[in-house]
Amino acid sequence: MQAPMLECIDFTPVWVPPLARFLAAIDEAGETAQFSPHARDEETLNRLASSPRLDIHCLLVEGGNVFGYGLLRGWDEGYTTPSLGIAIHPHARGVGLGNFMMSYLEMLAMRRGASHVRLRVLRANTAAISLYSTRGYEWSNDPIRDDLMIGMKALHTRHA
Ligand SMILES: CC(C)(COP(=O)(O)OP(=O)(O)OC[C@H]1O[C@@H](n2cnc3c(N)ncnc32)[C@H](O)[C@@H]1OP(=O)(O)O)[C@@H](O)C(=O)NCCC(=O)NCCS
């Protein structure tokens with residue numbers, strides 16, 4: 001039997017129930033407002049998992065469990081700068097998985113040719129702001145919502 005191994009993988013239909021459990025854990029931790037990239041119902045998750053897309057929905061998994069969920073979105077709508085979203089399972093935080101997944105997401109964006117990544121974060125979300133700030137995100141006010149900030153990071157593309 002294969003020992004469980006940490007992997008970053010695409011979100012596909014087989015992962016709908018584990019992702020639903022992961023999102024329920026985020027809700028149970030009272031963090032729905034911090035991380036709500038889309039509806040959590042099964043129909044939405046199945047649609048996202050099965051439709052062809054340019055946007056990236058990826059999972060950090062180990063042994064059948066989801067430890068992290070990361071998104072890079074905007075390409076499907078025609079934007080060149082993707083918007084990043086990330087959450088780590090409440091029981092798996094503080095050990096570097098957030099930083100690890102950020103590196104992975106930024107690398108995916110770079111491999112797609114993006115020059116920047118953007119994100120929106122609640123001003124009150126100090127853990128996320130600290131994570132993004134140490135990774136070089138620069139801040140501006142959200143033009144619409146006072147409780148949000150916009151982070152932007154330039155990606156240093158190199159030709160492979
Ligand atoms: C933000 C989040 C992704 C961090 O994940 P994590 O795996 O705990 O992060 P890491 O262990 O890799 O820590 C990386 C950095 O994040 C910051 N950080 C993480 N937890 C923190 C906390 N409780 N308080 C302050 N800073 C914190 C620190 O800067 C830390 O760097 P350090 O270890 O050198 O101090 C996680 O808390 C989370 O999923 N939160 C809920 C969802 C969310 O808010 N997503 C962001 C939406 S915009």
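Bear in mind that the values in this text are calculations on the coordinates, not laboratory data. The structure displayed is predicted, hence computed values, not measured ones. Note that we place each Cβ from the backbone using ideal geometry, even for glycine, and neighbour counts take in every protein chain shown.
Residues that are assigned to a helix (DSSP H, G or I) and in contact (Cβ under 8 Å) with a residue 40 or more places away in the chain were ranked within segment 1-27; the one that is surrounded by the fewest Cβ atoms within 10 Å (Cβ to Cβ) is Arg21.
The set of residues in segment 82-136 being under 15 Å from Leu148 (Cα atoms) and among the basic types (Lys, Arg) consists of Arg118, Arg120, Arg123. Scanning segment 122-149 for residues that are assigned to a strand (DSSP E or B), within 18 Å of Pro82 (Cβ to Cβ) and within 11 Å of the ligand (Cβ to nearest atom) returns Leu148, Met149.
Restricting the search to segment 33-60, which residues are near the ligand (Cβ under 10 Å from one of its atoms), part of a loop (DSSP other than H, G, I, E, B) and touching a helix residue (DSSP H, G or I) at 6+ places or on another chain (Cβ under 8 Å)? Result: Gln34, Phe35. Residue count for segment 70-121 under the criterion of being acidic (Asp, Glu) and not in a loop (DSSP other than H, G, I, E, B): the result is 1. Set side by side, the residues Gly74, Gly63 differ, and just one is loosely packed, with under 12 Cβ neighbours inside 10 Å and either touching a residue at least 12 places away in the same chain (Cβ under 8 Å) or under 13 Å from the mean Cα position of the chain (by Cα) (or both), which is Gly63. Checking Val117 against (1) touching a residue at least 40 places away in the same chain (Cβ under 8 Å); (2) buried (at least 19 other Cβ atoms within 10 Å of the Cβ); (3) closer than 22 Å to Ala29 by Cβ; (4) hydrophobic (A, V, I, L, M, F, W, C), only one condition comes out false. Which one? For Val117, the failing item is (3). Taken as a whole, the structure leaves Met110 outside the set of residues that are surrounded by 13 or more Cβ atoms within 10 Å (Cβ to Cβ) and closer than 18 Å to Glu62 by Cα.
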